[in-house]
Structure formats: C-alpha cells, structure tokens
1. Being of a type in the set (S, T, Y), out of contact with any strand residue (DSSP E or B) (no Cβ under 7 Å at 6 or more places or on another chain) and within 20 Å of I101 (Cβ to Cβ) narrows it down to one of Y77, Y36, Y32, so name that one.
2. Hey, N141 hits all of (1) among the polar types (S, T, N, Q); (2) over 30 Å from L79 (Cα atoms); (3) touching a Gly at 6+ places or on another chain (Cβ under 9 Å) but one; which does it fall short on?
3. With the requirement that a residue be of a type in the set (A, V, I, L, M) and open to solvent by 10 Å² or more (accessible area, probe 1.4 Å), what does segment 96-110 give you?
4. How many of the residues in segment 140-160 are open to solvent by 10 Å² or more (accessible area, probe 1.4 Å) and within 20 Å of L393 (Cβ to Cβ)?
5. Working only within segment 190-227, note down all residues that are in a loop (DSSP other than H, G, I, E, B) and open to solvent by 40 Å² or more (accessible area, probe 1.4 Å).
6. Could you go through segment 126-139 and let me know if any residue there is within 21 Å of G189 (Cβ to Cβ) and at pLDDT below 95.
7. Which condition from (1) at pLDDT below 95; (2) within 15 Å of L46 (Cβ to Cβ); (3) open to solvent by 50 Å² or more (accessible area, probe 1.4 Å) is the one that N81 breaks?
8. Can you list the strands (runs of 3 or more DSSP E) found entirely within segment 1-96 that contain at least 3 residues being within 23 Å of F318 (Cβ to Cβ), touching a residue at least 60 places away in the same chain (Cβ under 8 Å) and aliphatic (A, V, I, L, M)?
Amino acid sequence: MNCIIAQSGGPTSVINASVYGLVKENERLKIYDNVYGGLNGIQGILEKKIINLSKMSSEQLEIFKNSPSSGLGSCRYKLKNYIENKEEYLKLIEILVSLDIKAFFYVGGNDSMDTTAKLSAFAKEKNIDIKFIGIPKTIDNDLMHTDHTPGFGSAAKFIATSILETYLDSKVYRDNGIFIIETMGRDTGWLAAAGALATLHGKPCADLVYLPEKTFNMVEFLEDVHRIYKEKNHVYIVASEGLRNEDGKFLAESSISTGHDNFGHSQLGGVGQYLKNLIIQSGITKRVKALELSVLQRCAMHCASKIDIEEAIMVGKFALEISIKDSSSGHMVAINRDCTELYSSSPFLIEAKKVANNIKHFPKEWINEKGNNITEEAINYLKPLIDYNYDLLPLYTSFAL
C-alpha cells in the first residue's frame, strides 16, 4: 500500500520540511511501500502529475528540506461540494485507488483544510478505504486550534531582521525622515506584530505598529507620526497590508487583474505607499520611504527559524505515524505549546472542519489601547517562535544613533 502528499496555497520557507519529515519517518517505520508526491496540489493530481518521493536519495531529500517555497508546486484550487461536482471526486478517487493510496496528506492552510474535510467526509460516506489528513502551514498564523503554524516563525524572524537592518539604514542622516515597512496579512496582524521583535540597544526599532484587528484612524495616525517626528526627527512604522478604515474597506487594494483569487480573497498591496502619501500630503515631511516586503516573507530560507524547521518536520512525522489509525481521517495535525520559558511543543489532532473557513485573529487584548503597537504579552508569545534562543536576531550596533 502507498500514500501521497501534496502542497496547496501560499508557500513558506519551511513547507518542504513537512514533506521531508513524512518521507523520512516512513523510511524508518516502513508503513507504506511508496510515498508519492502530487505536483501542484489537487489540481495536479487530477491531471496525474505525480512523482515517487521514495525514490529520492538522502542527499536530494536534505536539499529539498532546506529549499524555500513549495517544492511540489502549489495551487489555489477550489474543490466544490460533492453534489455540485461528483465527477471530480470520482476521478480523484479513481486515480488514488489506481496507485493503491491508503492515505492522502494535504499541506496547507484554511482552504486546504476545507478540502481535507470534504474528501474525508466523501470517503467515509462511500466507504472508501483512504484517509485524508491535513498538515498545517501558513506564514499568516491564522489557523484556529493550533498555537501557531509552521512557516510563521521563519516569516516573523525575517520581518524582524529586515526591520532591524532597514532601521539602521534609515537613521544614517541628521534629517532622517520617516520609514514605512509593509507586511503581508490580509485578515490578521500576526506578521506585522512580529515587527515589534526588532530591537537595538534594548529599545524597539518600530515606533508604530498597525494591525488589521484595529480600525485604522487616519487622524490619530497623523497625530502620532507628527508628534514622534517632532521628538526624534525620525519615525519607523510597521503596517499590515490588511488595514481597513472605519467603513471596513481596505486602505489599498491592488488594481491588478480582478482583485480577487479563486477563493474570493482580495489581492492587496500598497498600504505603505498609501500611508506615505498621507504623510506627505499632511505636510509633516517629504522625506518618506515605503518598503513592501512582499513574497520575501515566505521564501527567505536564509533567515529561517531553527524551531520552525524542526516543528515543520515534527508535524510531517506525526501525520505519518497517526495515519494508520482509523480515527485520523478528516483531521489536521496541530501544535500545542507545552512551555514558553524553556520552549517546547508537541503535536495533536484537531478535526479539519473546525479549522476550515475560520480565522484566528491576533488577540485584541494584545494590542495597546491606542491601537498603534502590541503588548509585552504578545512579545512573549512571539519570541520563542523565531528560535530557541530568544535573542538570535543579528547583534548590531551603531555609534551614530
């Protein structure tokens, strides 16, 4: 008997580590004769684009583990309900049965867990002997019922490091102006919050941090920027792409294509430029720079968190181990934080349907009263995820500050 694993949705720096963990664990336990890889998710499997990962050498697997982005390719393929598209379900099962597949592992986020839940329910209803199991990944850290998601820690570390380095760059002149960095985060502010981890000489680099969980107030924003600029002749701002105004509308939406993906998600980008224009138009200063980190947040393997890689491997291994249990189908592997001070974690199972189509927002109690930064409690949550040693961001200094 065999199994198959595929990846879906946006890539991360460590998504391949979950595949690696599953393949290596199968080498050890020898549960399945072959571990197949579906190229480009469900969409590729339906097109019979499948490779045999068990044929890869140890050297190939190690390189694959340490490669960013989705090494099996990805997709944003919306699987309809069985009633709407019976042929699709039947075709997929026919392909899996032809390969003697007994377990299907899907590495992804909210929409991937929706696919996992749908396929598992279909298999149970039709008495099909194939288990469908979800493996979490997303840099957005927005999956319910798991302390955090593989991929987030590395993105958080990259963001914090980028802020530390651009902060130093933005402070080299006597008249330094204002620097804005834009992070991903359509619905949640976890990535923007990571910007608060950047410190220099014991002080935070970011003066202002804005998350989608708080309505953006333009008047208060300009007041804060003006006040800090007068005090320091410099302001560093971190803003999430998902910021919304009092009407619930995104501050900036991309005008590219239709503005939405296959799942109806708005394609965002441009908040940094929007805030830059606000500041210039208000007359505070014309010395304003804006940087959009964009896809670097999810593919900067050179800045990956060690604990993130290890946990991505952990969830892949655990998925393989529990796949022999009848009760595992229709579940996602989640992560429990066992301890924060001497950080440790462990995997457990949660029903995929409880994760699907839900969003774990950044806790509002972790945002300060003014809505322009995060609390110490939030910092303590974030720190362990960038590495075991909470201070493993680069150690820099400057005599000019």
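The values are calculated or read from the model by the stated rules, or taken from the named source; none is laboratory data. No experiment lies behind these values; they were computed from the predicted model shown. We place every Cβ from the backbone using ideal geometry, glycine too, and count neighbours over all the protein chains shown. For accessibility, only protein heavy atoms count, side chains too; no ligands or nucleic acids. Shrake-Rupley method; radii C 1.70, N 1.55, O 1.52, S 1.80 Å.
1. So the residue among Y77, Y36, Y32 that is of a type in the set (S, T, Y), out of contact with any strand residue (DSSP E or B) (no Cβ under 7 Å at 6 or more places or on another chain) and within 20 Å of I101 (Cβ to Cβ) is Y77.
2. Every condition holds for N141 apart from (2).
3. Here is the first cut: in segment 96-110, the residues of a type in the set (A, V, I, L, M) are 96-97, 99, 101, 103, 107.
Hits for segment 96-110 are V97, L99.
4. Residues that pass the stated criteria total 2.
5. Going residue by residue through segment 190-227, those that are in a loop (DSSP other than H, G, I, E, B) are 198, 201-202, 205-207, 211-217.
Those that are in a loop (DSSP other than H, G, I, E, B) and open to solvent by 40 Å² or more (accessible area, probe 1.4 Å): H201, G202, K214, T215, N217.
6. Within segment 126-139, the subset within 21 Å of G189 (Cβ to Cβ) is 136-139.
Those still in the list that are at pLDDT below 95 too: none.
The answer is no; no qualifying residue exists.
7. Condition (2) is where N81 drops out.
8. Details: elements: 2-7, 34-38, 50-52.
Counting at least 3 such residues, we get 2-7.
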